[in-house]
Amino acid sequence: MQIAFISNQRAGGLYRDAHRYITAALQDRFDRIAHSMPEFHYGRFDIRFESTEALMRGNDFSIIEINGIGGEAIDAWDPELPVMETYRRLFAQQRLLFRIGDSNRRRGFKPMGSYKFLAFLVRRAGSFAACRPQTECCGAVASPASIGSPGLH
């Protein structure tokens, strides 16, 4: 599980590593949420909360957005992290994502073809243009990377 305090990067926000706030209760709460979603193997939950203490108990937060496999490890962008640690975290995430993909292919899932993927990117690019900058602060929590992934526990 990863946790970071964030704001919107377009509005000058900084990402801060907040691993020290992860507790067994918080981990358990997000495990239960993630396990309630079929075929959810990895992702980031963007959340809003008022009290860090309540969040650490797994209470009093709202999920604003769930980012699946494309939800990057934003804690890696903390400006206080050494550059090698940033790369270590990003490469570790990519290794895990490839393991999840390999596991899913062995289970019979087929990768998206190139044409379908490019069409998806074109549609997605249009939705990005429609987004307005946001300035609200929120927290982000990533689920344990191997949630629901057969053979990865």
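Each reported figure results from applying straightforward, stated rules to the coordinates on display, with no laboratory input. Keep in mind the model is a prediction, meaning the values are calculated, not measured. Cβ: placed from backbone, ideal geometry, glycine included. Neighbour counts: every protein chain shown.
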Taking the Cβ of ALA73 as the center, what net charge do the other residues with Cβ under 14 Å away carry, scoring Lys and Arg +1 and Asp and Glu -1? -1
Which length gain, in nm to one decimal place, applies between ARG107 and GLU50 when the Cα-Cα distance is subtracted from 0.36 nm times their residue separation? 16.4 nm
Determine the gain in length on full extension of the stretch ILE22-GLU80; use 0.36 nm per residue of separation and subtract their C-alpha separation, reporting nm with one decimal. 19.0 nm
Given that compact globular proteins tend to follow 2.2 N^0.38 Å, what is the ratio of the alpha-carbon Rg of segment 10-118 to that value? 1.24
For a Förster distance of 22 Å, can you work out the FRET efficiency between the beta-carbons of GLU65 and ARG124, rounded to the nearest 0.05? 0.90
Coordinate range along principal axes, alpha carbons of segment 50-106, Å, largest first: 40, 33, 17
Could you please report the charge total around PRO111, scoring K, R as +1 and D, E as -1 over all other residues with beta-carbon less than 11 angstrom from its beta-carbon? +2
